[in-house]
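The values are calculated or read from the model by the stated rules, or taken from the named source; none is laboratory data. All values reported here derive from a predicted model rather than from experimental measurement. Quick reminder, even Gly has a Cβ in these numbers, built from the backbone with ideal geometry, and neighbours come from all protein chains shown.
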Amino acid sequence: MNWQLPALAWLLTTPLMVGWWLAYRWGHRNASLADVGFCAGFGLTAVGFALVTTGDLSHRLVVAAMATVYAVRLASYLVTNRIHGAVEDQRYQSLRVQWGTRSGFYFFLYFVGQAVAIAVFSVPLLVLMSNPDPTWHAWEILGVVVWALGVGGEAVADTQLNRFRRDPGNRGKTCRQGLWRYSRHPNYFFEGVSWCAYVVMSIGLPDWWLTLVGPVVMIGALLKVTGIPLAEARAVASRGEDYREYQRTTNAFIPWFPKD
């Protein structure tokens, strides 16, 4: 595998993320712009890899399409529901309070850090695109199915939550509809599933283990860093006992039937 390509992705997307930070700093002060920047950089990196790698063309095109669809879907959702005419994500509001007077500097690091994330998450794509074998094996087809389940499930969870939030009668309440009845964070769960798809597709390839970086880093961040911990702390603060009851009866991550 050509390790120069992830490094090049980092170098080229760093100025892109600085541009997104400037838009945040001097324009639309909504830190979700960093997530949109990640999506843009990730999608562009996938297309770039497809153009310059020497693996089988069909594998390059399919993997690039998977990454681009994922990026466009998530970016569209963020722009529509987290930026345009929307209040900033509560996680970022909490971080701004937590960081205090140094929040400006830390948010700059967060924005430019997305370029590092793009480089890291591009590694599974590069492993698959470097495959010279034109044959599509069962594991690869299964991986595409897992990817579709992950991206589709996340889209459904996002849609259900937004429909719930748009109803004024649900203000101050916790969504328990659809997938949210079986998991407190079904969107995060299916995000993790979509990254596991690349691991399934890589079975049998020499560098297959490198694809583990996707689900390990993403699921780790969602479970322990920027995902569930911040979201749940804010939910408890704003919804109190209603959310605590939700925590007692509903799995945090993996969907399952509610507890009595």
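Each residue in region 218-251 was checked for being surrounded by fewer than 15 Cβ atoms within 10 Å (Cβ to Cβ), touching a residue at least 40 places away in the same chain (Cβ under 8 Å) and among the aliphatic types (A, V, I, L, M), and 1 pass.
The set of residues from region 69-119 being of a type in the set (Lys, Arg) and at pLDDT 90 or above comprises ARG73, ARG102. In region 126-176, which residue that is under 25 Å from ALA233 (Cβ atoms) and of a type in the set (A, V, I, L, M) is surrounded by the most Cβ atoms within 10 Å (Cβ to Cβ)? Ranking the candidates gives ALA157 first. In region 57-71, the count of residues that are closer than 30 Å to VAL156 by Cα, within 21 Å of the chain's Cα centre (by Cα) and basic (Lys, Arg) is zero.
Restricting attention to region 23-51, the residues that are more than 19 Å from the chain's Cα centre (by Cα) and modelled with pLDDT under 95 total 7.
Here's the yes/no breakdown for (1) touching a Lys or Arg at 6+ places or on another chain (Cβ under 8 Å); (2) touching a residue at least 24 places away in the same chain (Cβ under 8 Å):
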{"site": "VAL63", "(1), (2)": "no, yes"}
{"site": "THR68", "(1), (2)": "no, yes"}
{"site": "ALA71", "(1), (2)": "no, yes"}
{"site": "ALA75", "(1), (2)": "no, yes"}
{"site": "LEU78", "(1), (2)": "no, yes"}
{"site": "GLY85", "(1), (2)": "no, no"}
{"site": "ARG91", "(1), (2)": "yes, yes"}
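Restricting attention to region 113-124, which residues are under 19 Å from GLN93 (Cα atoms) and not small (Gly, Ala, Ser)? Once the filter is applied, which keeps residues that are under 19 Å from GLN93 (Cα atoms) and not small (Gly, Ala, Ser), region 113-124 yields only GLN114. Would a scan of region 201-212 turn up a residue that is in the same structural domain as ASN170 (by TED's automatic domain parsing), farther than 23 Å from ASN162 by Cα, in contact with a Gly (Cβ under 6 Å, 6 or more places away or on another chain) and part of a helix (DSSP H, G or I)? Looking for residues that are in the same structural domain as ASN170 (by TED's automatic domain parsing), farther than 23 Å from ASN162 by Cα, in contact with a Gly (Cβ under 6 Å, 6 or more places away or on another chain) and part of a helix (DSSP H, G or I), one finds at least one in region 201-212, hence yes. Against the condition assigned to a helix (DSSP H, G or I), surrounded by 20 or more Cβ atoms within 10 Å (Cβ to Cβ) and out of contact with any strand residue (DSSP E or B) (no Cβ under 7 Å at 6 or more places or on another chain), how does TRP195 come out, does it pass? In short, yes.
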